[in-house]
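The values are calculated or read from the model by the stated rules, or taken from the named source; none is laboratory data. Since we're looking at a predicted model, the values are computed, not measured. Note: ideal-geometry Cβ built from the backbone for every residue, glycine included; neighbour counts use all protein chains shown. Surface areas here come from the heavy atoms of the whole protein model, side chains and all, with no ligands, DNA or RNA. Shrake-Rupley method; radii C 1.70, N 1.55, O 1.52, S 1.80 Å.
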Amino acid sequence: MNQATRTGAQRLCQDPTLIDGRRIGLVTNYTGVMPDLQPNVTALLAAEVGLSALFGPEHGLGGTAQAGESESAAIDPESGLPLYDTYRHSGAALDELVRASGVDTLVFDLQDIGTRFYTYIWTMYDLMVSAARLEIPFVVLDRPNPVSGLLAEGPLLTPHYASFVGRRAIPIRHGLTVGELARHLNAADVEADAGRPADLQVITMTGWIRSQYFDETGLPWVMPSVNIPTLDSALVYPGTGLFEGTNLSEGRGTTRPFELIGAPYVDGRWAAALNERKLPGARFRAVRFSPTFHKHAGETLRGVQVYITDRRTFAPVRTGTVMLSVLRELYPDDFGWRAGPGSNDRHFIDLLWGSDLLRQSIDAGEEPESFLASAGSDEPYAPADWTADETLLY
């Protein structure tokens, strides 16, 4: 396919005068590639953009770390630039990290996957807040939303359930690019945390159409993290990512994470019951698998594999909630929720969902339609008060 989409990183390499910084800190990792798969760091240095430091997110600059981990090198061995690990830093600690780096501008270039509980966007938010407090510019090099930019789905997060898997009130599937999301968060939230909005600049893409999925952009797919290997992984993740809050394996340690879901207590009834629901754009296959990592590592599990039959009608959040509801109905004595970190009143599923409504409703045996208000049963659940459309650029 001929390339149609030009990213913000490409535009900056072609015209370094788009930003004024002289000591630039680049927030990135291995997903920040150019169309020829050259790392953005290499390309920006060749274009004489004044990089003086690198900042890595969860999974690290090279992407070798698993979920909840990062890399520890102090120098990037490829470029020789100082490398600062931002993971698990926020507030004053993150301000000090940025201050110590000596940069006068922060530039963000990471590939997001369009889901609220994927942490790259909250690395962006936390650093945008730090940039505002330190009164330095924050620049976003925009990249496509790989699951398209037409649909939002899922509830808005409520403040009590804010965490690093969701800082602010956006839907689970937010439907924005990182540049659009930065503009929305800067207008809605940064001033409350920093005392002023960030001095934000978005270097937009050209040639991206909101209806496009990543494989229609002409850009090369680089897995955004170790457990999102394919576009299909990203497509199901807003729904099956919810299984991180349960006692089931979400397929980590397999070749199909977030497409394979299972536990020792599941049997073939789950797949059969889900197929009877005739969820739009989805089918389910009864499977056996043995994850090599994370929950139930080394055990033989039974469960389902999610197949997307029509990605334009597939509603991942609705699909995930129906999967949970049917599972709870079939296996009430075995199914369970994971506890949340550091608080007895917040289960991990509550942090992912953005409130305790999903957990409470499923435990009460309520049908998903009772808490997934939608215009129709075949339409994605999107919050009526999600008004970020005002920020759309493309």
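Points to keep in mind about this one:
- The gain in end-to-end length when the residue 210 to residue 230 segment is fully stretched comes to 5.2 nm, 0.36 nm per residue minus the alpha carbon separation.
- Per residue accessible area in Å² of the chain, where ligands, DNA and RNA are left out and the probe is 1.4 Å: 38
- Restricting the stretch 210-311 to GluC sites (Glu not before Pro) in coil, as DSSP defines it, with at most 16 other Cβ within 10 Å: 299
- Calculated FRET value between residue 46 and residue 196, using beta carbons and R₀ = 30 Å, to 0.05: 0.30
- Charge dipole of the chain about the Cα centre (unit charges at C-beta), most positive-ward option of 235, 127, 261: 261
- Within the stretch 249-288: Cβ-based charge dipole about Cα centre, in debye rounded to nearest 20 (Lys, Arg +1; Asp, Glu -1): 120
- Long-range amide H partners of residue 140 with built H, under 5 Å: 108, 201, 202, 203
- Positive-end residue of 324, 351, 361, charge dipole of the stretch 313-367 with Cβ unit charges: 351
- Label-zone membership for the stretch 245-273, site residue 299, 7 angstrom Cα→C-beta point, backbone N under 14 Å: 246-252, 261-267
- If R0 equals 45 Å, the separation of the Cβ atoms of residue 384 and residue 93 corresponds to a calculated FRET efficiency of about 0.75.
- Separation of alpha-carbon centers, the stretch 244-313 and the stretch 103-125, rounded to whole Å: 29
- Rounded to 5, the percent of DSSP beta bridges in the chain classed as antiparallel: 50
- Folded to 0 to 90 degrees: helix 316-330 orientation relative to the chain principal axis, Cα: 30
- Think of each Lys and Arg Cβ as +1 and each Asp and Glu Cβ as -1; about the Cα centre, that makes the dipole of the chain roughly 640 debye.
- Distance cut-off 23 Å, percentage of C-alpha pairs in the stretch 142-233 lying past it: 33
- Summing charges over all other residues whose Cβ lies under 12 Å from the Cβ of residue 251, with Lys and Arg as +1 and Asp and Glu as -1, gives -1.
- Cβ-based net charge around residue 294, under 10 Å, with every Lys or Arg adding one and every Asp or Glu removing one: 0
- Here the Gaussian network model covers the chain, with springs between Cα atoms less than 10 Å apart; of 214, 138, 258, 214 fluctuates the most.
- Note on the stretch 221-267: along the principal axes its Cα atoms extend 36, 18, 15 Å, ordered by decreasing extent.
- Residue of 158, 309, 321 that the Gaussian network model of the chain assigns the largest fluctuation, springs spanning Cα pairs under 10 Å: 309
- Portion, in percent, of the accessible area of the chain that falls on carbon or sulfur, probe 1.4 Å: 49
- The chain: equivalent-ellipsoid semi-axes (sqrt of 5 x gyration tensor eigenvalues, Cα, Å): 36, 21, 21
- Protein-only accessible surface order, largest first, of 180, 366 at 1.4 Å: 366, 180
- Computed [θ] at 222 nm, helices only, for the chain once each DSSP H run of length n ≥ 4 contributes -39500 (n - 2.57): -7000 deg cm²/dmol
- With Cα atoms, 0 to 90° folded angle of helix 120-134 axis to the chain main axis: 40
- Under a Gaussian network description of the chain, with springs only between Cα atoms under 10 Å, the residue in 316, 238, 291 that fluctuates furthest is 291.
- Taking Cα atoms only, the orientation of helix 91-101 departs from the longest principal axis of the chain by about 40 degrees.
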